[in-house]
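Have a look at the structure below before the remarks.
The values are calculated or read from the model by the stated rules, or taken from the named source; none is laboratory data. For clarity, every value in this text was computed on a predicted model and none was experimentally measured. Methodologically, a virtual Cβ is constructed for each residue, glycine included, from the backbone with ideal geometry; neighbour enumeration extends over all protein chains shown.
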Amino acid sequence: MGRYLIRRLLVAIPTLLLISFVLFAVLSLAPGDPLSQFAANPAVPPEVRENIKRSLGLDQPWPLRYVHWLTSVVHGDWGFSFGSRIPVWELLKLRIPATLTVVGVAYLVSLVIALPIGIYSAVRQYSPMDHVATTLAFIGFSLPTFFTGTLLIIVFSGKLGWFPSIYDSTLQVTNGETFMQQVKQSIMPIAVLALFQAATLVRYTRASMLENLPLDYVRTARAKGLAQVSVIARHVVRNSLIPVVTLIALSAPAVFSGALITEQIFGVPGIGSLLITSIQNSDTPVVMAITFTFSILVVLFNVVADVMYGVLDPRIRYD
């Protein structure tokens, strides 16, 4: 296992270098001017704009800027935002709590809901519960988040007035009352994301369980006199979770990158809304920090998924 992890990490280094190079090239060659706010202001003289451009390093060719960026990242410096002139890492730290509060909680809720429902739906195939779960899963998977988000705002904010439609980023949780306000404003975005993610996981879990239930090892376990609960929990579920782990591991990095559409709909000041704003403003350092961090997490969670395969299935060996 140790040698396997070392090999995977060594392969990940050139992979991430190639990803960072492609991302930086695309962002540098894409149309857009990070100094457009100054260009549109006639009060800013051209020489001042040139000085600003020079101070940001935008007067250099993009391959040279990429080398400077990569060197800085290796030393832990993600640079400064072109728009706010705030260190990129400080800007991310301001947005991460909101993303973790909404996207992170929604991810955990979807796991808690989807796995038991998917397992029970497969064990009780064609039962009323199975039909209800399958129907809801198809509905949740088919409806886009912008539709469900807008629908929840119309019903629970506009009609019923139960929850606020816009996320209050200035709210500080200091007591029970402010905590309840935080819960209320987080319920709808969490519900939108959890519904979509849970629907996907239910389908994968149910399909994987149905593939394993008719196999010989399950019939053998039952023939030995094992209880149904023991057969399902110790044998079928363990083997069925192997493909589901891949989906869970690949979805986990999205907790950091945020939910682009949902954060925009509810006004959540998270990483996703920051990424959209930075792309619109051609703020390359911020976009690179978010997308490259997401790439790192994808590579790492792929390794985590491979390790989990060995935990779930002892037949898998990496040596």
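Considering region 141-155, the residues that are within 27 Å of Ile96 (Cβ to Cβ) and outside any loop (DSSP other than H, G, I, E, B) include one that is nearest to the chain's Cα centre (by Cα), namely Thr145. Within region 158-170, being surrounded by 11 or more Cβ atoms within 10 Å (Cβ to Cβ) and farther than 16 Å from Val105 by Cβ holds for Trp162, Pro164, Ser165, Ile166, Asp168, Ser169. Residues to consider are Ala221, Ala207; find the one that is small (Gly, Ala, Ser), at pLDDT below 85 and either in a helix (DSSP H, G or I) or under 30 Å from Val88 (Cα atoms) (or both). Within the list Ala221, Ala207, the selection yields Ala221. If you go through region 163-184 and pick out every residue that is in a helix (DSSP H, G or I) and free of Cβ contacts under 8 Å to residues at least 60 places away in the same chain, you end up with 8.
Scanning region 202-254 for residues that are of a type in the set (Ser, Thr, Tyr) and crowded, with 16+ Cβ neighbours inside 10 Å gives Tyr204, Thr205, Ser208, Ser240, Thr246, Ser251.
Among the conditions (1) out of contact with any helix residue (DSSP H, G or I) (no Cβ under 8 Å at 6 or more places or on another chain); (2) closer than 23 Å to Pro189 by Cα; (3) among the β-branched types (Val, Ile, Thr), Val255 misses just one, which is (1). Kindly check whether there is at least one residue in region 273-282 that is under 20 Å from the mean Cα position of the chain (by Cα), assigned to a loop (DSSP other than H, G, I, E, B), touching a residue at least 60 places away in the same chain (Cβ under 8 Å) and under 30 Å from Tyr66 (Cβ atoms). So far as region 273-282 goes, no, none of its residues is under 20 Å from the mean Cα position of the chain (by Cα), assigned to a loop (DSSP other than H, G, I, E, B), touching a residue at least 60 places away in the same chain (Cβ under 8 Å) and under 30 Å from Tyr66 (Cβ atoms).
Scan region 95-118 for residues that are closer than 13 Å to Val255 by Cβ and β-branched (Val, Ile, Thr) and jot them down. Passing the criteria: Ile96, Thr99, Thr101, Val102, Val103, Val105, Val109.
Look through region 85-95, keep the residues that are surrounded by fewer than 17 Cβ atoms within 10 Å (Cβ to Cβ) and part of a helix (DSSP H, G or I), and return whichever of them is farthest from the chain's Cα centre (by Cα). Only one residue tops the list, namely Glu90.
When region 52-82 is filtered for residues that are exposed (fewer than 12 other Cβ atoms within 10 Å of the Cβ) and either modelled with pLDDT under 80 or not in a helix (DSSP H, G or I) (or both), the ones remaining, listed by number, are Arg54, Ser55, Asp59, Pro61, His75, Gly76.
Residue-by-condition table, conditions (1) at pLDDT 90 or above; (2) crowded, with 18+ Cβ neighbours inside 10 Å; (3) over 23 Å from Leu241 (Cα atoms); (4) not β-branched (Val, Ile, Thr):
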site	(1), (2), (3), (4)
Val109	yes, no, no, no
Ile113	yes, no, no, no
Pro116	yes, no, no, yes
Tyr126	no, no, no, yes
Ser142	no, no, yes, yes
Phe147	no, no, yes, yes
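Scanning region 283-302 for residues that are in a helix (DSSP H, G or I) and over 12 Å from the mean Cα position of the chain (by Cα) yields a count of 11.
Counting just the residues of region 232-272 that are of a type outside the set (A, V, I, L, M) and part of a loop (DSSP other than H, G, I, E, B), which one comes out farthest from Phe294 (Cα to Cα)?
Gly267
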